[in-house]
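Peer 1: First, the structure itself, so that you have it in front of you.
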């Protein structure tokens, strides 16, 4: 029997980006200490932090020139949290990410393993720079990621620089995978970018297609389900 068909809405978004910069999640890990740093700025009497890592434990933030901060040693994972400012529970105003824990909306932080390295990428004036950020142990990269063999390497800043003008026109995507010299696997890093006429693409140039199906031809009425008495079209 033909399945009943509800109103189907299909959104197709075609967004072509020359470069997607990837930054650390907010709050960030301090790789010199391995702590996840939470900060809140403003005037208050007390600022506290509570999170999914232990809802029964409240952390008091220290204040310095209007900036309140605390560093926590958290295992890798995704956590809900909120600030408590003068006994009022609030979202982290500097963190746009939200999520629900026990049906309550909270700010969300993704904590990475501080022993694992990261990459940071930037594309300016056709120069693609990839910086290797060591883990807490400070070990450097063990080799060169695939796709950066022709890039210039600066050991002082642990940065590869690639002149994209040497590449063919069109879209390119680098998937950076590498370990450090201690064997710690870096977090994968995708770097999509364009070379040529579309390299100056901006969000304002994005093309969005929206396709909506709101009716169909009922080719065989004999296999329709029993009517619910709803308005025509509402009981598909």
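Peer 1: Can you give me the relative contact order of the stretch 28-111 as a percent, contacts being Cα pairs under 8 Å and 6 or more apart?
Peer 2: Normalised by residue count, the contact order of the stretch 28-111 is 29 percent.
Peer 1: Quick one: Cα centre-to-centre distance for the stretch 113-177 and the stretch 57-88, in angstrom?
Peer 2: First find each Cα centre; the distance between them is then 33 Å.
Peer 1: If you wrap a convex hull around the Cα atoms of the stretch 118-207, how much volume per residue is inside, in Å³?
Peer 2: Convex hull volume per residue, Cα atoms: 104 Å³.
Peer 1: A follow-up question, please. Can you divide the C-alpha Rg of the stretch 28-111 by 2.2 N^0.38 Å and report the result to two decimal places?
Peer 2: Against the empirical 2.2 N^0.38 Å value, I get 1.03 for the stretch 28-111.
Peer 1: Let me ask you something else. Over the stretch 28-111, what is the percentage of antiparallel beta bridges among all DSSP beta bridges, to the nearest 5?
Peer 2: Among the beta bridges of the stretch 28-111, antiparallel pairing accounts for roughly 100 percent.
Where a number appears in this text, it was derived from the coordinates with a stated rule and is not lab data. Because the structure is predicted, anything quoted here is derived from the model rather than measured.
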